[in-house]
Amino acid sequence: MKKLLIFLFLTVSFLSFSVGIRPMLFEVNAKPGDTINEEIFLDPEMIDKNVNVELYQFIQNENGEFSFLKADKDVFPEINWINYENKILVPAGKNTISNVKIKVPLNAKPGTYNFILMMTPETVKAKTGISIVMRYAVRISLNVSGISRKKVELKNINIIPDQDKKPTIVATVLNSSDFDLKTSVNAIIRNIKGKIIEKIPLKTAYMMKNSKNEQKILSKNEVQFYGTSKYLVSAGEYRVDVFLNYDDNQKIYTSKIKIPKNVFSFASGKELALKLNPNFLSYKLYPGAAKTSAIRLENFSDFNTKVKVGGAEFPISKDKSMLKWISLKTKNPIILNAGRHTNLITTIRVPKNVEDGAYYGKLLLNSYTKDSTFLTQEIVNCEVLIGNTTTNATVLNYNYKEMNDSGSFSIKIKNTGDRYILPKATLNISNEKRESIGNFGLSSTSESRWLMNGESTILFGDTVKLEKGKYYFSINIYNSDEILTKYSGILDIGEKQ
């Protein structure tokens, strides 16, 4: 039987693992000549355990992702500043403390210095054929004070086609300072006359993957920020304003960009005929209350339109509908001319005899040409909360399936609360010795769709391939980032047929 060796790196980003080493991150401010002493706590297991420690550098890829490289004193001379134990014995049942000392030289330059202590507990090969090597990347981020200019600059800006040939802004940003800096980037596309066409937040691959609004850029590193245009409709010359925000500073760059013909797939006039903000209304009200709202409607196309406003129900019981509570204070249909905007004014009036709970409805906004040809539709989801409401979910069943070189785990869940949820889950699998094999994400094929009270959906995700044996699993179910419930069970993997 082939032995499968799996390396699991645990860093400060992977909080869902049950780690035996803490803390995973030290943020330290110091002056030249200072001595810093830190303690790392190691939790025991049922047997004696040796932990090997090596020094790594913290590096960054162009997409914003972080990785590790074994420290080389020729490249990273600060290796001489830090003293640590190369091997730590953690006795069975006894908490252990490992001391780390950093001596900052008197002639140290101001800046950020990152030390990665890669801590690897020694492991015994598993009978299942899967050997798990758990590595803990403990980061010490040392900021040495002094006179130094913090500077982030735009190196380059371009527009390229994405995988769907949509026009995508690419901004290459360099942190030329000696400090690591958190940075955000936004762009405004204007026509040649200066009229705003679109505002686009630019994000790195790391930001998109981790739902971040800022990107930490390591000193002397450059990363690429991306943003895809929704409203560009043709080739030609455009002006792009780029706003760089970092360390309470802002820089603005302006560039002229020529978009060639026959390269990009532009948005159609139909897609641009109606855009609205917000597309979700949620209010906590009381019986007899009234709430008036304004929804901004914009026509980015080059032709005049009319917008008809209607309603639709969610798949809920009629007594939980609030559609009849909504009245329009704007003439319906609405005339919306090319390049213009207007407001749809709505009022929600709650009946005096309504019971506690969550109530829902949808506003449907259909855009048409002047001769009544349908163009596009936008939806505003509406929610009113009365009194105490709940969000909850229940696991109905689960399943593990072996794929070619991996596994697939799925669960069926039901929304048992009052409110809608946007469910997702994390899955942890451990072997018979309760040693963690890995942590995996479970998601729905319809993540953006609200799961209403009483509805069910399947969450699934890929896992490692499990050999014959007994496994334990635990699941955390979330509504967006709010944990709803936990579920655990046992998997018995039999002989392959």
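Only helices enter the 222 nm calculation for the chain: every DSSP H run of n ≥ 4 contributes -39,500 (n - 2.57), and dividing by all residues gives -500 deg cm²/dmol, rounded to 500.
Can you tell me the FRET efficiency between ASN50 and SER474 if r is taken as the Cβ-Cβ distance and R0 is 41 Å, rounded to the nearest 0.05? My answer for the efficiency is 0.90. Whole-Hz Karplus values for the stretch 62-72 come out as 5, 7, x, 5, 10, 8, 10, 9, 4, 5, 10 Hz, taken residue by residue from phi with 6.51 cos²θ - 1.76 cosθ + 1.60 and θ = phi - 60°; glycine and proline positions read x. Testing the spin-label approximation: label points 7 Å from Cα along Cα→Cβ at LYS258 and ARG340. State their distance in nm. Distance between the two pseudo-spin positions: 3.6 nm. Work through the residues other than VAL100 whose Cβ is under 10 Å from its Cβ and net out their charges, Lys, Arg +1 and Asp, Glu -1. Net charge in that neighbourhood comes out at -2. Note on the chain: with charges restricted to the Cβ of Lys and Arg (+1) and Asp and Glu (-1), its dipole about the Cα centre is near 1540 debye.
The residue list TYR84, VAL100, ASN175 was ranked by how far each Cα lies along the charge dipole of the chain toward its positive end, using unit charges on Cβ atoms, and ASN175 comes out on top. Count Lys and Arg as plus one, Asp and Glu as minus one, and take only other residues whose Cβ is under 15 Å from that of ASN399; the net charge is then -1. Applying 1/(1 + (r/R0)^6) with R0 = 25 Å to the Cβ-Cβ distance of ILE458 and ASP164 gives a FRET efficiency near 0.40. Taking a Cβ cut-off of under 15 Å around SER372, the surrounding Lys, Arg, Asp and Glu residues balance to a net charge of +3, with basic ones at +1 and acidic ones at -1. Each of TYR368, TYR360 was scored by other Cβ atoms within 10 Å of its Cβ. Arranged with the fewest first, they read TYR368, TYR360. The stretch 141-193 and the stretch 26-88 have their alpha-carbon centroids 29 Å apart. Under the combined filter of DSSP loop state and at most 15 neighbouring Cβ atoms within 10 Å, the stretch 144-214 retains these GluC sites (Glu not before Pro): GLU214.
Backbone geometry of the stretch 355-363 corresponds, through the Karplus equation with coefficients 6.51, -1.76 and 1.60 at θ = phi - 60°, to 3J(HN,Hα) couplings of 8, 4, x, 10, 10, 9, x, 10, 9 Hz, x marking Gly and Pro.
Taking the fewest neighbouring Cβ atoms within 10 Å as the starting point, the ordered list for ARG139, ARG340, ARG190 is ARG340, ARG190, ARG139. Since only THR426, GLY387, THR376 are under comparison, the one whose Cα sits farthest along the positive direction of the charge dipole of the stretch 360-460, derived from C-beta charges on Lys, Arg, Asp and Glu, is GLY387. Listed values for the stretch 200-214 are Karplus-derived 3J(HN,Hα) couplings in whole Hz (6.51 cos²θ - 1.76 cosθ + 1.60, θ = phi - 60°), namely 10, x, 9, 9, 7, 4, 5, 5, 5, 5, 10, 6, 9, 9, 9, and x replaces Gly and Pro. Looking at the stretch 15-164, the DSSP beta bridges with both ends there are about 85 percent antiparallel.
Of the GluC sites (Glu not before Pro) in the stretch 47-102, which ones lie in a loop per DSSP and count no more than 13 other C-beta atoms within 10 Å? Intermediate results must be reported in sequence, preceding the final value.
On the way: sites: GLU54, GLU62, GLU65, GLU78, GLU85; in loops: GLU62, GLU65, GLU85.
Answer in residue order: GLU62.
Between ARG135 and LEU8, PHE9, LEU10, the built amide H atoms are under 5 Å apart, and every one of these is 5 or more places off in sequence or on another chain.
Of all trypsin sites (Lys or Arg not before Pro) in the stretch 35-123, which ones are in loop regions per DSSP and have a Cβ with at most 11 other Cβ atoms within 10 Å? Working shown, then result.
Values: sites: LYS49, LYS70, LYS73, LYS87, LYS94, LYS101, LYS103; in loops: LYS73, LYS94.
Listed in order of number, the matching sites are LYS73, LYS94.
Values in this text are rule-based calculations from the coordinates and carry no lab data. None of the values given here were measured: they were computed from a predicted structure. Positions of Cβ are generated from backbone atoms using ideal geometry, with glycine treated the same way; all protein chains shown enter the neighbour counts.
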